[in-house]
Amino acid sequence: MWSDDCVTLVPLEWLKPHEEIKEKARDKLLQMTEKWGGFTKPLIVDKNTGSLLDGHHRFSVAKIMNLTSVPAICVDYLIDENIIVETWPNSNLHSISKNDVLEMCLSSSLYPAKTSRHIFSYDVPPIFILLEDLK
C-alpha cells in the first residue's frame, strides 16, 4: 500500500518519459498547478532507471516551470506485480510490455500520447508539495 510516506523528491533531470503528451491537457494542468501553488499527485517512477511510468503531463509542467525536482513514488517496475501495463483503446499498438516501456524510456523516441496505460493495485496518495520546495 502506498502512503504519502512513500513519496520522495527526485531530480527532474533523472526522469525518462516514454510517451508524448497532449498539450491542451498539459496547459490546463499548468494553470491548475500555478493556481494551487504546488503538486497534488506524485509521479510514479522506476527506481532502477528513472523511467516515468505515470505523470507525463506533470513532468512536462515541471519542465516548463523550471523545477529541479518533483514528488514521486519510486517502484521496482519489472518485479512489482501490483503494476500492470496495457494499451489504451484506440492505441496503435495491440499490446505492450513492461520491457517495451523501459526500452522506449531509454531510447530517443516516444510513443504517441495515450499508448500505455498503467494500472496500480494501490491508490496514489493525495499530497501537497509547494512549488518553492521543488525549485
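Derivation of every value follows stated rules applied to the coordinates shown; laboratory data play no part. Given the structure is predicted, the values throughout are model-derived calculations rather than measurements. Cβ: placed from backbone, ideal geometry, glycine included. Neighbour counts: every protein chain shown.
Values as computed for the structure displayed
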{"read-out": "Value of Rg to Rh for the stretch 42-108 (Rh from inverse mean 1/r over Cα pairs, i.e. Kirkwood)", "value": "0.98"}
{"read-out": "Estimated translational D of the stretch 81-123 in µm²/s (Stokes, Kirkwood radius over Cα pairs; 20 °C; 1.002 mPa s)", "value": "194"}
{"read-out": "Computed [θ] at 222 nm, helices only, for the chain once each DSSP H run of length n ≥ 4 contributes -39500 (n - 2.57)", "value": "-7000 deg cm²/dmol"}
{"read-out": "³J(HN,Hα), Karplus 6.51/-1.76/1.60, whole Hz, each residue of the stretch 39-51, x for Gly, Pro", "value": "9, 10, 8, x, 7, 10, 9, 6, 5, 8, 10, x, 5"}
{"read-out": "Fluctuation leader among 41, 28, 114 - the chain, Gaussian network, Cα springs under 10 angstrom", "value": "28"}
{"read-out": "Residue-wise HN-Hα coupling along the stretch 54-64, computed from phi with Karplus coefficients 6.51, -1.76, 1.60 (Hz; x: Gly, Pro)", "value": "9, x, 4, 5, 5, 4, 5, 4, 4, 5, 4"}
{"read-out": "Farthest positive-ward along the chain dipole, Cα basis, beta-carbon charges - from 55, 31, 11", "value": "31"}
{"read-out": "Unit charges on C-beta of K, R, D, E only; dipole of the stretch 61-124, Debye", "value": "320"}
{"read-out": "Extension gain (nm, one decimal) between residue 95 and residue 81, 0.36 nm per residue minus Cα-Cα", "value": "3.3 nm"}
{"read-out": "Magnitude of the charge dipole, the chain, Cβ model with Lys/Arg +1 and Asp/Glu -1, debye to 20", "value": "500"}
{"read-out": "Rg [Å, one decimal], Dmax [Å, integer] - the chain, C-alpha atoms", "value": "14.2, 42"}
{"read-out": "Cβ-based net charge around residue 57, under 15 Å, with every Lys or Arg adding one and every Asp or Glu removing one", "value": "+3"}
{"read-out": "Under-5 Å amide H pairs with residue 43, H placed in peptide plane, nonlocal only", "value": "72, 73"}
{"read-out": "Summed residue charge, Cβ within 14 Å of residue 107's Cβ, Lys/Arg positive, Asp/Glu negative", "value": "-3"}
